[in-house]
Amino acid sequence: WYWQKEKREPYVKFMDANYPPGFSYEDFGPLFTAEFFDPNQWADILKASGAKYVVLTSKHHEGFTLWGSKYSWNWNAVDVGPKRDLVAELATSVRNRTDLHFGLYHSLFEWFNPLFLEDATNAFNTSKFPTSKSLPELYEIVTKYQPEIIWSDGDGNAPDTYWNSTGFLAWLYNDSPVQDTVVTNDRWGAGSICAHGGFYTCSDRYNPGRLLPHKWENCMTIDRGSWGYRRDARLRDYLPIEDLVKQLVETVSCGGNLLMNIGPTHDGRIAVVFEERLRQVGSWLEVNGEAIYGTKPWRAQNDTVTPGVWYTFTPKDGKVNAIFLNWPVSGILELGEPQAKPGETQVKLAGYRELLKWVALGEKGMVIALPQLTPQQMPCQWGWTLQLTDVH
């Protein structure tokens with residue numbers, strides 16, 4: 001897009017300097033080799049991350065499908081490049097080795113598809129592209145791979161009527177093989193984002209910092225600057241684990257899910273920096289998962305007295321979880337929101353055995369004495385959970 005459509009100078013120069021004259025985007029097809037792609041290894045990393053679902057980009061805006069689509073002749077991973085059905089391989093490994101729900105991202109439009117460009121020229125009064133390409137592909141991936149999430153994207157500024165989104169969704173929820181399990185997002189045509197859908201995405205890297213009345217998802221990237229793999233990325237471009245824990249905690253406390261994006265390489269690897277971040281999140285969730293999984297938003301999302309404290313509620317056992325991102329130097333944490341009951345309320349630090357001492361501050365608020373721990377004794381290194389039982 002930057003190179004061929006917007007003709008941005010750095011991209012045009014890079015292509016001129018590093019590729020033969022006349023090299024086209026299509027010439028990248030055979031260079032996408034995936035020789036190191038090991039779906040079992042991917043599944044194991046995903047499981048270790050503590051994730052509960054995974055969404056693979058089955059087709060992005062340039063139209064190349066990661067499965068052998070009969071509607072994308074000679075521009076798919078079975079005919080060109082890897083010569084493998086990457087969607088099928090990952091779906092099989094995820095289902096055999098993990099309990100993750102398997103989902104698929106699919107771009108409705110394609111930047112340079114002549115049929116889409118023709119429809120756009122006709123102000124979308126013709127629908128050659130959706131009827132011959134986009135919709136058949138959607139039916140194909142649902143029937144073939146039975147994903148439990150359909151993550152639609154890229155409406156190309158065309159209305160949902162052009163895409164026949166309601167027609168497809170009616171089939172998906174009433175007659176498809178995944179009618180009882182599937183969930184969908186909100187990107188089904190111009191104007192539908194953040195207004196219609198099973199869960200809202202609203203925008204990329206969406207983190208409102210407040211409770212929303214509808215289920216939503218914060219879809220963001222570990223690489224601050226890209227959704228794909230960048231060979232020239234610097235270490236500072238990758239979010240550190242502290243920032244990822246902060247994103248997760250803020251998102252869940254406001255009723256959202258976190259979809260954390262990584263970009264694999266052309267030869268099929270999850271880069272080591274991405275694997276490390278995913279495993280770090282997993283190790284954090286091993287200790288603090290009770291404050292994340294199966295929780296609901298509490299009456300307060302963050303604390304009114306101490307910054308960097310976010311709340312979740314576990315309906316199963318009535319616990320209020322206060323997740324604090326900074327360990328106070330004093331060893332004393334003041335919370336402004338919980339209403340404690342003297343003699344009844346108990347405070348526990350996730351990953352630490354003994355109950356903590358606390359005192360109430362009038363009708364609302366409490367002061368908690370944290371245990372004195374060496375770095376080795378800490379239950380985790382970034383972000384800690386206080387589990388409060390029997391609070392108003």
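The values are calculated or read from the model by the stated rules, or taken from the named source; none is laboratory data. Quick caveat: nothing in here was measured; it's all calculated off a predicted structure. We place every Cβ from the backbone using ideal geometry, glycine too, and count neighbours over all the protein chains shown. Note: areas computed on protein heavy atoms with side chains; ligands, DNA, RNA excluded. Shrake-Rupley method; radii C 1.70, N 1.55, O 1.52, S 1.80 Å.
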Point to revise | Identity of the residue in segment 156-192, of a type in the set (D, E, K, R) and more than 22 Å from Val54 (Cα to Cα), that ends up surrounded by the fewest Cβ atoms within 10 Å (Cβ to Cβ) | key: Asp175
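With the structure loaded, tell me whether Phe199 is touching a strand residue (DSSP E or B) at 6+ places or on another chain (Cβ under 7 Å) and in the same structural domain as Asn125 (by the TED database) or whether it fails that test.
yes
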Exercise for review: From Tyr11, Tyr2, Tyr25, Tyr53, grab the single residue that is in contact with a Lys or Arg (Cβ under 8 Å, 6 or more places away or on another chain), aromatic (Phe, Trp, Tyr) and either within 21 Å of Gly263 (Cα to Cα) or surrounded by 16 or more Cβ atoms within 10 Å (Cβ to Cβ) (or both).
Suggested key: Tyr2
Point to revise | Residue that is nearest to Asn218 (Cα to Cα) [pool: residues in segment 170-206 that are in contact (Cβ under 8 Å) with a residue 24 or more places away in the chain and touching a Gly at 6+ places or on another chain (Cβ under 6 Å)] | key: Asn185
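Report whether or not Phe32 is surrounded by fewer than 20 Cβ atoms within 10 Å (Cβ to Cβ), hydrophobic (A, V, I, L, M, F, W, C) and touching a Gly at 6+ places or on another chain (Cβ under 7 Å).
For Phe32, the condition - surrounded by fewer than 20 Cβ atoms within 10 Å (Cβ to Cβ), hydrophobic (A, V, I, L, M, F, W, C) and touching a Gly at 6+ places or on another chain (Cβ under 7 Å) - is met.
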Practice item. Test each condition in (1) among the polar types (S, T, N, Q); (2) touching a residue at least 60 places away in the same chain (Cβ under 8 Å); (3) buried (at least 16 other Cβ atoms within 10 Å of the Cβ) for Ser132 and report the one that comes out false. Key: (3)
Exercise for review: Tell me, yes or no, whether segment 250-261 has at least one residue that is in contact (Cβ under 8 Å) with a residue 60 or more places away in the chain, in a helix (DSSP H, G or I), open to solvent by 10 Å² or more (accessible area, probe 1.4 Å) and outside the structural domain of Gln377 (by the TED database).
Suggested key: yes
Check your understanding: What number of residues in segment 35-50 are open to solvent by less than 50 Å² (accessible area, probe 1.4 Å) and of a type in the set (D, E, K, R)?
Key -> 0
Practice item. Within segment 71-90, identify whether any single residue is in contact with a helix residue (DSSP H, G or I) (Cβ under 8 Å, 6 or more places away or on another chain), small (Gly, Ala, Ser), closer than 30 Å to Leu258 by Cα and in contact (Cβ under 8 Å) with a residue 40 or more places away in the chain, and answer yes or no. Key: yes
Study note, to complete from the structure: Note: among Phe28, Phe23, just one is assigned to a loop (DSSP other than H, G, I, E, B) and among the aromatic types (Phe, Trp, Tyr), namely Phe23
